[in-house]
Amino acid sequence: MSLISNAPSELLDELLGRTRNQAALTTAKRPQGYVSRETIAGGDDKARYKGFRDIREHWGAELVQRGWVDAIRGLDLNPKEHSRYGPAIAFINHGRWMALCPDPDCAGAEVVTSSDRVFMCLSCGNIENKGRLYPVKFPTELKEISRQLSKRPRIYRNWHPHETVEDLARENEENL
């Protein structure tokens, strides 16, 4: 985990400095974007594209850039069911694993990753959850869903929890 509670000033300075330089670096390195043609992208893919080690480091830099430094210093990195609204639910949108903020008063959505199933809303800062990370619920058929969607053009790589792997396979047969 690259973000830690009570983050030292050096880490915050490093994250802020790296964030200021990300636009120029990523444009020069990868004009194609972070969503690949072969797989479904996640939060770590986006973070690496922007020059960070993982999604938590990327979120930390975003929070610093927005002036939410206190949110980082007190960040509880262990997602628990603190919220009355439950976990964030993963879905796929245009080839990216995403989740909506569980807070019904927030319209935020962020890229998430199945390797680190946590959610930080960069719209509200998880304020309803006292700034704590929400856990993210991914489907058990994660690999099968990704395999079916990877057959499609990126713009049609969409999945919602009410859809089954069989639904995706049938749509592929009908439309590809």
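Bear in mind that the values in this text are calculations on the coordinates, not laboratory data. Keep in mind that this is a model prediction, so the values were computed, not measured. Glycine gets a Cβ as well: all are built from the backbone with ideal geometry, and neighbour counts include every protein chain shown.
Which pairs break 23 Å Cα to Cα here: LYS46/LYS143; LYS50/LYS151; LYS50/LYS137?
Violating the 23 Å limit, Cα to Cα: LYS50/LYS151; LYS50/LYS137.
Using DSSP to call loops (not H, G, I, E or B), can you name the trypsin sites (Lys or Arg not before Pro) in the range 146-176 whose Cβ has at most 16 other Cβ atoms within 10 angstrom?
Loop-located and lightly packed - LYS151.
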